[in-house]
Amino acid sequence: MSPSPTAHAQSVDQVMIYIIAVSVVLLLGITAVMVYFVFKYNRKHGHQPVDIEENLPLEIAWIVIPTLLVLSMFYFGYNSFRETRDIPKDSFVVEVTARMWHFSFKYPNGKTADTLYVPVNKPVKLIMESVDVNHAFFIPAFRIKEDIMHGRKTFLPFTAEQIGNYDVACAEYCGLNHSAMYTKVKVISEKNFNEWYEPKAEINKSSVAGK
C-alpha cells in the first residue's frame, strides 16, 4: 500500500527526533568531558603531558558504539524510505513534467493542469520526468520527496487522507528562479474530483437523465 501521509510524516519525524537526540547526547557528553579535562589536567596544577599507551577496550568501544548508532539510524531511516516504494496496483497514475521553473500534470484522459488534483483516500502514483535540468518534487506536509531527472523517469506514490491544499516545492536547485518553483496538491472529494476530471461526461449524463 502507498504511504499514508499522516503515518509516514510521523515515521519521518520520529527518525529525525532520534537522530537529533543522539547528536545532542553526544555533543553534551563530549563537551562535558572536554571541559572536565581542561580543568583537571591543566598544567598550572602541575600536570605534565605523558604518552598514552594503547587501550584495547576503549578502542573497541569507540568503534563499536558509533557503528551501532549509525546502523540504527540507517535501519529506521530505511524503513521510512521503503514506505514510499510500495505501489498499489490500483493506483491512479498522473504524469508529472518538470521544467525551469514549472510543474505540469497530465492525467490518463489527456487533461493537463498546473496544479495536482487528487481524490481523497485514493492511491496515487506520480510518474515524473524533467525536460531540462534535474528537479525534485517535494510535499513538505507529507514528508515525501523524489528527484526528477532529465532522460529518466522516477516515481512517487502516496495516498492523501485529508481534504485540503498542500504546498509542492522543487527541492533541487535548478537555476535562477528555483525559489519560485511552487505549486499545490489539492486533495478533494471523489465526487468533486470526478466532476473536475470529466466535466463533459457529467454534462452528457445530465442531458440523458433529462430526456
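What to note about this one:
- Qualifying residues in the range 170-187 (those that are under 21 Å from PRO123 (Cα atoms) and not hydroxyl-bearing (Ser, Thr, Tyr)) - the one surrounded by the fewest Cβ atoms within 10 Å (Cβ to Cβ): LYS184
- Total residues in the range 78-95, condition in contact (Cβ under 8 Å) with a residue 40 or more places away in the chain and either among the aromatic types (Phe, Trp, Tyr) or surrounded by 16 or more Cβ atoms within 10 Å (Cβ to Cβ) (or both): 5
- Residue within the range 46-59 that is surrounded by 10 or more Cβ atoms within 10 Å (Cβ to Cβ), part of a helix (DSSP H, G or I) and outside the structural domain of PHE155 (by TED's automatic domain parsing) present: yes
- Of the strands (runs of 3 or more DSSP E) lying entirely inside the range 140-196, those carrying at least 2 residues that are among the acidic types (Asp, Glu) are 144-148.
- Check on VAL133, in a strand (DSSP E or B), among the β-branched types (Val, Ile, Thr), in contact (Cβ under 8 Å) with a residue 12 or more places away in the chain and on the phi < 0 side of the Ramachandran plot: no
- Counted residues, the range 126-140 - those being surrounded by 17 or more Cβ atoms within 10 Å (Cβ to Cβ) and under 16 Å from ASP167 (Cβ atoms): 6
- For ALA98, the criteria (1) in contact (Cβ under 8 Å) with a residue 60 or more places away in the chain; (2) in a helix (DSSP H, G or I); (3) within 30 Å of ASN177 (Cα to Cα) hold in every case but one, which is (2).
The values are calculated or read from the model by the stated rules, or taken from the named source; none is laboratory data. Here the structure is a predicted model, which is why all the values come from computation and not from measurement. With ideal geometry, Cβ positions are generated from the backbone for all residues, glycine too; neighbour counts draw on all protein chains shown.
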